[in-house]
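Please read the structure below before turning to the comments.
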Amino acid sequence: MKVEKLSTNKVRIYITYEDLSERGIDREEIWQNGRKVQELFWDMMEHAYSEVGFEVAGPLAVEAFTMPTEGIVVIVTQLPPSMAGATEDALLDEEEDLELEAIPADLSEAFIFVFQDFEDAIRAAHSLRAHDGLGGSLYHYKNRYHLFFDEEEIAEDLYDTIWSILHEYGDLSATTKAMLEEYGKCVMNGNAVQTLTDHFPLQ
């Protein structure tokens with residue numbers, strides 16, 4: 001289990017499939033509101049507190065999604081008191097049970113990395129260019145750039161390598177492709193890696 005502090009009120013937690021196996025939780029069971037999942041969540045919160053000082057107090061927003069070879073990524077956000085009465089499914093109070101919803105279909109078949117600026121996307125593309133056959137689509141959404149890959153584009157033996165390269169320059173995003181298509185702007189469709197490297201040399 002690895003904890004990464006994203007901000008003063010947000011942490012990202014990586015749980016490997018080995019972590020789940022050690023706790024007797026299979027991949028499907030993680031989306032069920034069972035005792036083992038409850039124990040796992042509060043174990044994660046203890047790790048977050050001991051490693052980065054993230055303390056649970058009041059309502060939380062929880063996002064969770066899977067990566068085929070890595071495991072589960074859980075993003076936990078501490079919400080301000082003014083949102084304590086929110087009714088969204090993703091919210092929970094520290095006295096309530098954790099309930100993780102199954103991820104949307106497009107998240108299970110693809111992954112999206114978000115970059116703070118265009119230069120980071122360019123650098124990522126140049127690092128990826130050494131691996132043939134990568135297409136990718138680049139979207140502009142909420143003043144940031146999102147690079148979308150369908151898993152069919154990536155050979156299974158290269159998945160971890162590609163993921164590591166992207167993570168060096170950006171962050172895994174919980175935004176779905178459907179949201180990007182509806183609310184964002186597609187800047188490069190289907191051939192983003194080659195387009196970025198052909199037209200934007202490294203500075």
**Asked** Under 20 Å Cα-Cα from K142, which lysines qualify once same-chain neighbours fewer than 8 residues away are excluded?
**Response** K10, K177, K185
**Fill in**
Dipole check, region 107-199, charges on Cβ (K,R +1; D,E -1), about Cα centroid: among V187, N143, H126 the Cα furthest to the positive pole belongs to N143
**Asked** For the peptides 161-174, 138-151, what is the packing order when you average, over each peptide's residues, the other Cβ atoms within 10 Å and list the highest mean first?
**Response** 138-151, 161-174
**Normalised per residue, the volume of the convex hull around the Cα set of region 116-182 (Å³)** = 84
**Fill in**
Subtracting the Cα-Cα distance of R27 and N9 from 0.36 nm times their residue separation yields 3.7 nm
**Prompt:** Taking 0.36 nm per intervening residue step and subtracting the Cα-Cα distance, what contour gain separates E46 from A178 on full extension?
**Reply:** 44.1 nm
**Request:** Please give the peptides 114-120, 4-10, 73-79 ranked by average Cβ packing (other Cβ atoms within 10 Å per residue), highest first, as a rough proxy for protection.
**Result:** 73-79, 114-120, 4-10
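Coordinate-derived values only; no laboratory data. Every value quoted in this text rests on a predicted model; they were computed, and no experiment measured them. Neighbour counts run over all protein chains shown; Cβ positions are idealised from the backbone, glycine included.
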